[in-house]
Structures are given as structure tokens and as C-alpha cells.
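In what follows, a single structure is set out as C-alpha cells and then discussed.
The values are calculated or read from the model by the stated rules, or taken from the named source; none is laboratory data. Because the structure is a prediction, the values reported are computed rather than measured. Note: ideal-geometry Cβ built from the backbone for every residue, glycine included; neighbour counts use all protein chains shown.
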Amino acid sequence: MTPISFEWTWTSDYFIFFGLLYLALTIIGCTTAVAFIKTWLDLMKEKNKEAELPEIETRSKYTDY
Amino acid sequence: MEKTETHHGHKYGMVIDLDKCTGCGTCMVACASENNVTVRSDETDKERSITWMKLYKIDNGKPFPETEVCYFPRPCMHCDEDGHGGHHSPCVSVCPATATKLDHNTGIVSQIYTRCVGCRYCQAACPYHARYFNWWDGYSFLQPYSEGMERALSPEVSPRMRGVVEKCTFCHHRLMSAKNRAYAEDRRELEEGEYITACTEACPAQAITFGDLSNHDHEVYKLSKSDRAFRLLERLNSKPKVYYLSSKEWVKKFADNYTPDQIQPATKKEI
Amino acid sequence: MDSAFIPEGAKRCSTPVFFFWTIPWVMLLAFGGFSAALCLIFGLNQTHMSDVFAFALWIVFDLAVIALGAGAFFTGFLTYIIKKDELKDIINAAVIIGFICYSGAMGLLAIDIGQPLRNWFFFWHANVHSMLVEVSFCISCYLSVLLIEYIPIIFENRKLDEVKDFHFFGHHLHHIMAIFAATGTFLSFFHQGSLGGMFGVMYIRPFVARWGFYIWPWTFFLFILSAIAAGPCFTILCTKLTEALSKKKLVPDNTIQLLAKISGGLLTLYLILKILDTYAWVNGILPQAGQGLSDFGSYTTMMLTFEIGVFGIIPMLLLITPFTRKSNFWLIIACLMNCTGIVLNRYIVIIGSAALPVMPFDKLWTYMPTWQEWGIALGMIGYGFLIFSLSYRYLPVFPKEKELNSF
């Protein structure tokens with residue numbers, strides 16, 4: 001599964017398969033992490049009352065988004 | 001492509017002479033006994049009986065007095081790879097956990113019980129029905145009717161727990177024993193007959209010959225080149241290592257499928 | 001009683017009525033749980049699966065729900081990547097349906113394998129040449145994507161939204177949803193295809209073997225096409241069922257029509273390619289293997305005719321014809337038939353490949369599931385109804401609900 005595990009071979013099929021997998025996992029992981037970080041920053045701003053945070057227009061409170 | 005070592009490697013295979021096979025079933029019993037195959041008290045459900053070596057009975061479909069019957073022992077074919085960049089062995093290429101592998105040094109398709117997850121994809125892939133799933137635990141406390149059976153276990157072969165697939169291994173443990181003995185005698189190569197499967201040894205009619213198909217001196221190689229030789233489902237190109245011998249055309253025809261306009265059996269004799 | 005949790009301004013049935021509604025689904029789920037416990041404790045001998053039918057009812061259910069759940073990724077692709085704004089009114093429902101389908105399938109698979117505790121071997125000891133590895137990787141990753149897409153919808157629950165952490169997190173996730181939709185589309189493309197590829201690569205089973213493009217047999221592409229053709233129809237059906245039970249209009253007509261039209265177009269393309277593929281299989285692969293269609297018996301021919309002819313061409317015509325597509329009755333019939341066709345396709349591929357012999361002296365095998373197998377499969381349906389019911393009641397799933405019902 002990883003380049004340092006037992007059955008790994010440095011062949012093209014491993015590169016393509018695991019390359020794409022790790023790319024997908026990285027995208028998912030990084031994007032989720034960005035959402036976490038932004039949330040944390042927003043919470044810090046609100047806690048410190050640094051700025052008036054605009055009301056977030058939520059998607060499905062029966063208003064068009 | 002993985003590095004193949006065929007110039008050093010062996011290709012263990014089998015030739016079964018159907019003209020000699022009497023259908024006694026000793027091969028089935030010997031195999032089950034040798035390999036610690038579980039037996040339940042009620043084995044009427046043939047779809048779930050574990051029979052690494054299975055004896056089929058076929059007949060030519062003609063009425064008396066022209067009826068002819070043939071017995072067809074079927075171990076695992078240990079299908080080979082298409083070495084010209086083609087496909088892998090059918091069951092090997094599909095296993096998701098790499099629990100089955102074709103060993104290029106011996107030609108044996110191994111099954112690793114401790115790796116098998118029990119997804120049964122290999123069973124779906126194998127057209128020979130050579131693979132068997134452990135629907136029950138053979139020797140655990142949940143299966144009281146196995147009590148006592150553990151006394152008949154051979155220490156050379158690991159028993160399998162439920163949820164894993166098993167199949168004929170060409171008595172791989174015997175290869176290991178033979179190699180150990182040879183090593184102790186300061187030899188690296190095995191002689192013909194030093195490593196044979198349990199079914200080969202047990203057959204009273206000596207219908208089964210086992211050896212190295214890539215060694216031109218071995219009897220099994222010579223028999224595989226015989227006019228009477230054919231393989232099961234030849235035209236699907238699974239490259240089985242089990243050859244059959246029969247002097248009867250109807251038996252040869254039973255080894256493969258033919259559409260009405262295809263008359264000749266397609267026997268490819270390359271290894 | 002639970003009105004504080006119900007979306008602002010939405011009308012829902014009373015709590016006791018809802019409680020009674022959930023009872024049958026909870027019972028189904030409990031029955032499924034009991035059957036699963038039996039299988040885990042006593043082993044898979046509780047089923048009628050055998051060394052011939054290695055893949056049986058559960059795998060048919062798995063492949064069917066995954067195909068039907070394709071509406072999630074495809075609607076997401078159309079909404080966030082192609083920017084079809086009308087679909088924003090149904091994307092939440094599609095995501096929830098997708099989540100139900102994929103999580104249900106994973107739950108079923110956990111029982112189906114002989115050694116469930118070894119499931120991580122698929123990842124740690126992966127055989128990159130196996131289609132099943134591609135399936136398990138992509139489905140696992142996609143389930144996490146679906147969960148991430150579902151979370152913002154959950155956080156829009158009135159009470160959860162009051163928690164600032166959930167409020168902001170849901171918002172930020174929603175803002176970057178396009179990236180998840182794109183990743184989900186990529187992953188879904190591969191696992192939908194690999195589910196077909198699983199059978200197409202079995203070159204020694206002529207019934208399912210196919211030629212293809214490089215390592216991908218034609219079944220790879222046909223399964224993707226059939227999934228994206230049927231998935232939106234399943235989404236439409238679930239929406240229509242919700243509308244019928246809640247006695248409200250939930251999704252505007254233009255959204256439904258767009259999905260139905262796209263589904264019809266894709267179904268047309270799929271059927272053309274499927275018929276060509278079937279022709280090539282009958283005249284190419286089968287003779288090469290020494291078999292003919294008649295070798296598989298009249299049942300097979302009948303099922304193939306049903307799959308392509310009755311449950312393929314008829315819904316295709318109904319969906320591409322504006323007159324029938326705009327009629328609620330014919331639209332539902334078309335969607336039902338389309339989904340049935342896809343389920344039939346999965347059934348034929350899985351059960352047919354197991355039952356039909358390859359060795360000439362082998363026989364045709366038959367199979368009937370046990371009640372434990374049905375229990376788990378139906379438990380998944382109970383699970384689905386439960387999750388969707390809870391989501392509809394407590395979450396603002398349909399943005400246009402208020403507007404269409406003038407509360």
C-alpha cells in the first residue's frame with residue numbers, strides 16, 4: 001500500500017494506481033482541512049470580537065442560494 | 001511484468017490417463033486425508049463439500065450397448081500466465097488481497113489462508129470449480145461434530161478456519177519436505193519422483209503422473225506431448241498444467257465447448 | 001413535541017404519526033441486524049451461497065444499490081461542475097440517497113466477506129491488477145466524500161445550526177463543495193466502471209467476458225453509462241415518493257424534467273452501445289469459446305430480452321418523448337422500468353456468470369436465498385427509509401419546499 005510496505009514494487013501499474021489514489025485522498029484531506037482551519041479562524045474572530053462577522057446566508061432556509 | 005525465472009524454474013504439472021482411471025476415488029480420499037480437508041457429518045450438500053480433487057463421471061450419451069463411461073479426476077489446474085504480455089492466471093489476477101499467487105519457480109498457484117479475506121472473487125472467476133470456501137469452521141468449538149477429527153490431522157498442512165478459500169496446492173508441503181531432504185543431502189535439484197502429490201502416490205491404477213513439465217526428461221513432459229493429450233477448456237487460454245490422456249474422441253470433445261460448426265478439438269500442446 | 005428540530009416554517013406530520021411511520025423500518029433494520037449477527041457468529045453457512053454461487057443475493061443488492069445511488073455523484077457533477085442551477089433543488093436529496101446506498105452497501109459487504117476483520121487487507125495488501133481493489137478503494141473514498149457532502153445538510157438542522165462551530169463548518173464545506181463533487185465524480189467513474197470490469201475481465205467465463213480498451217473491458221464503460229442513466233431516475237422516484245407521502249410538492253417541475261431528459265438521453269446511448277456489445281459478444285466471444293447463446297438456455301435469452309427490450313427500450317422511449325416525460329404517471333413508470341432494467345442487468349451478470357456452466361460436463365446450477373440473506377438485504381432498505389425519513393423531517397432537504405407550498 002505504501003512505498004515502504006512489503007509488497008510494493010516500483011512499477012508503472014503501482015505508480016498509476018496508488019498515484020491516483022493518493023491524489024484523491026490528498027485532495028479530500030486538504031479540502032476538509034481547509035474547511036476546518038477556516039472554521040477555527042472564524043470562531044477565533046468571533047471569540048475575540050475582532051470584526052462583525054456577516055450573517056452567513058445558509059443554503060436551505062428556504063431562500064434561494 | 002514481474003521477472004520470470006523460467007530458465008531456472010520448474011513447471012510442476014500433472015498428466016492423468018483417463019484410459020487407466022477406474023473411478024475408484026482413492027485420489028479424492030488421499031487428497032482429503034493428506035491436506036486436512038474438513039469433513040462434516042452430513043456431506044449431502046455437494047455445492048459446499050470441499051473436494052480439492054473431484055471425480056466427475058461422464059458418459060457418451062449413447063444407449064446400451066454403445067454406452068461408454070469415463071471418470072474425470074479434476075484437481076486445481078494451476079493455470080499459467082500468458083507470458084507474452086497477456087493475462088495472468090484467472091484467479092490470481094482477481095484476488096484483491098494478493099492471497100493467491102503464481103510462483104514462477106514452481107508453477108504452483110498458492111493460496112495463503114492467513115491472507116484470504118473470503119470475498120470469493122476467485123471462486124467466481126474459476127470455471128473449473130477448483131476453489132472451495134470454508135462455509136463452516138472445521139475444527140473449532142462451534143462445530144461439535146468435528147470433535148475427534150483433529151486426531152487425524154497431518155502436522156504438515158495448516159488447517160483452515162471458516163471464511164477462507166482453499167484449493168489443491170499440488171501438495172506443496174511435499175515439495176518443501178523433498179527440498180529439505182535434498183538440501184540435507186547437499187543437493188539443490190530434485191530428482192523425478194522425489195516430489196509427487198498424494199493423489200499421484202495413492203492412485204492404484206497409476207493413472208496420475210506428476211512432475212516437471214519444463215524438464216524434457218520427466219515422464220510428465222513426454223506424456224503431455226502425446227497424441228492422446230488434451231487439456232480442459234483449452235480454447236479459453238487459461239494454460240492449465242493438468243493434462244489428460246484419452247484415446248476416445250468423445251472424451252476429448254468433453255473437455256471443451258464447440259459450436260455446431262466447430263468439429264476439431266482445439267488441442268494446443270505448448271507448455 | 002420535536003417542533004424545535006423541524007426546519008423553520010416547514011410543516012411536518014405530528015410526532016406520534018412519525019413514530020409509527022418509523023416502526024416498520026426499525027423492525028426491518030432490527031431483523032437485518034439479527035440476521036447479520038447470525039452470519040457473523042455461525043458463519044456464512046447461514047446463507048444458501050455455495051462454491052458455485054460465490055456471489056449471490058447480497059452482491060446483486062450491492063451492485064444494484066450502487067448503480068441506483070449513482071444519482072448522487074452525477075447530480076453533483078451536473079450541479080457543481082456543469083453548473084446546472086436547476087438541480088440545486090434536488091442535490092440534497094440526491095446526496096442523502098447516495099449516502100444511504102453506499103453506506104448500506106458497505107454494511108452489507110462487511111457481512112458478505114468470510115473474514116470481516118481482515119477487510120483492511122484490501123487496502124494494505126492490495127493487488128493492483130484486481131478490479132475488486134479498484135472498487136473497494138474508490139467506494140471507500142467516495143463514501144467519505146458523500147459523508148462530507150451530507151454533513152453540511154445535517155448542520156443546517158435548526159438546533160445544530162445554532163452551534164457556532166457547526167454553523168461555520170457547514171458553511172465552509174458548502175463553499176468548496178465543487179472540489180468534493182469533482183473528486184466524487186472521478187472516484188465514482190472508476191468504481192462504477194470497475195464493478196462492471198470485475199466481470200468483464202473474467203476471460204475464462206465466456207458469459208461475462210468482454211473485449212475492451214486496454215485493461216478495461218467494455219462492461220466497465222457500460223456499467224458507468226447504465227448507472228448514470230438509472231441513478232437520476234432513482235432520485236426522481238425517491239422524490240416523488242416523498243412528495244406522495246408528505247402530500248407536498250417538493251421539487252419544481254423543470255428540475256425533474258431536466259433530470260429525466262438527461263437520463264433518457266444517457267439511456268439511449270447506453271442501449272445503443274449495449275446492443276452493439278451484445279452483438280459482438282454473441283458473434284465474437286461466444287463462438288471463440290465454443291458456445292452460443294442457445295447454450296445458456298431460454299431463461300437467459302428471456303432475461304436479456306427483458307433487460308434490453310422491455311426494461312430498456314420502453315423507458316428510453318418514455319423518457320425522451322416530451323409528452324410522456326411531462327406526464328407524472330408515465331414519468332414514474334419510466335423511472336421504475338429504467339431502475340428495474342439496471343437491477344436486472346446486475347442480476348443477469350452476477351447470477352448468470354455463477355449459474356451457467358463453462359465445463360461441458362458441468363450442469364446449470366440453481367440458487368434460492370435463505371431468510372437470513374433476505375433479512376440483511378431488507379434491513380438495508382429499512383435503514384434507507386429511516387435515514388431519509390429522519391433527514392426529510394429534521395433537515396431542510398428541499399430548498400423550494402416553502403415556495404412551492406406557500407406556507
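So here's what we get for this one:
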quantity	calculated
Residue that is modelled with the highest pLDDT [pool: residues in the stretch B:237-250 that are closer than 22 Å to C:L286 by Cα and more than 9 Å from chain C (Cβ to nearest Cβ)]	B:P240
Subset tally (residues that are more than 7 Å from chain B (Cβ to nearest Cβ) and surrounded by 19 or more Cβ atoms within 10 Å (Cβ to Cβ)) for the stretch C:111-125	2
Matching option when the condition is among the aliphatic types (A, V, I, L, M), in contact with a Gly (Cβ under 7 Å, 6 or more places away or on another chain), touching a residue at least 12 places away in the same chain (Cβ under 8 Å) and under 22 Å from C:Q115 (Cα atoms), among C:L57, C:L40, C:L44, C:L68	C:L44
Residues that are outside any strand (DSSP E or B), more than 9 Å from every other protein chain (Cβ to nearest Cβ) and surrounded by 22 or more Cβ atoms within 10 Å (Cβ to Cβ), drawn from the stretch B:62-79	B:P75, B:C76, B:M77, B:H78
Single unsatisfied condition, B:V109 versus (1) touching a Ser or Thr at 6+ places or on another chain (Cβ under 7 Å); (2) facing chain C (nearest Cβ under 10 Å); (3) more than 17 Å from B:T51 (Cβ to Cβ); (4) modelled with pLDDT of 95 or more	(2)
Residue check, C:L273 within 14 Å of chain B (Cβ to nearest Cβ), more than 30 Å from C:D89 (Cβ to Cβ) and either among the small types (G, A, S) or in a helix (DSSP H, G or I) (or both)	no
Residues that are within 14 Å of chain C (Cβ to nearest Cβ) and more than 17 Å from B:C76 (Cβ to Cβ), drawn from the stretch B:207-236	B:F230, B:R235
Top-ranked residue in the stretch C:66-99 [being buried (at least 24 other Cβ atoms within 10 Å of the Cβ) and more than 20 Å from C:L173 (Cα to Cα); ranked as nearest to the other protein chains (Cβ to nearest Cβ)]	C:I66
Lone unmet requirement of (1) in contact with a helix residue (DSSP H, G or I) (Cβ under 6 Å, 6 or more places away or on another chain); (2) closer than 22 Å to C:L225 by Cα; (3) of a type in the set (D, E, K, R) for C:D89	(2)
Some residue of the stretch C:245-266 being in a helix (DSSP H, G or I), touching a Gly at 6+ places or on another chain (Cβ under 7 Å) and touching a residue at least 60 places away in the same chain (Cβ under 8 Å)	no
Checking B:I58 against (1) within 24 Å of B:S226 (Cα to Cα); (2) in a loop (DSSP other than H, G, I, E, B); (3) at pLDDT below 95, the condition it does not meet	(2)
Test: residue in the stretch A:43-50 that is facing chain C (nearest Cβ under 10 Å) and either in contact with a His (Cβ under 8 Å, 6 or more places away or on another chain) or at pLDDT 90 or above (or both)	no
Among (1) within 21 Å of B:D80 (Cα to Cα); (2) in contact with a strand residue (DSSP E or B) (Cβ under 9 Å, 6 or more places away or on another chain); (3) modelled with pLDDT of 95 or more - the single one B:Y121 does not satisfy	(2)
Selected residue (criterion: surrounded by the most Cβ atoms within 10 Å (Cβ to Cβ)) from residues of the stretch C:352-388 that are in contact (Cβ under 8 Å) with a residue 12 or more places away in the chain, facing another protein chain (nearest Cβ under 8 Å) and over 23 Å from the mean Cα position of the chain (by Cα)	C:V358
The listed residue being among the hydroxyl-bearing types (S, T, Y), at pLDDT below 95 and surrounded by fewer than 20 Cβ atoms within 10 Å (Cβ to Cβ), out of C:T15, C:T22	C:T15
Unmet requirement for B:I263, which otherwise passes all of (1) at pLDDT 95 or above; (2) in a loop (DSSP other than H, G, I, E, B); (3) of a type in the set (A, V, I, L, M)	(1)
Pick from the stretch C:389-402, criterion within 7 Å of another protein chain (Cβ to nearest Cβ) and assigned to a helix (DSSP H, G or I), ranking: modelled with the lowest pLDDT	C:K402
Subset tally (residues that are of a type in the set (V, I, T), assigned to a helix (DSSP H, G or I) and exposed (fewer than 12 other Cβ atoms within 10 Å of the Cβ)) for the stretch A:1-28	2
Every residue from the stretch B:201-225 that is under 20 Å from B:Y71 (Cβ atoms), polar (S, T, N, Q) and either under 15 Å from the mean Cα position of the chain (by Cα) or at pLDDT below 95 (or both)	B:T209
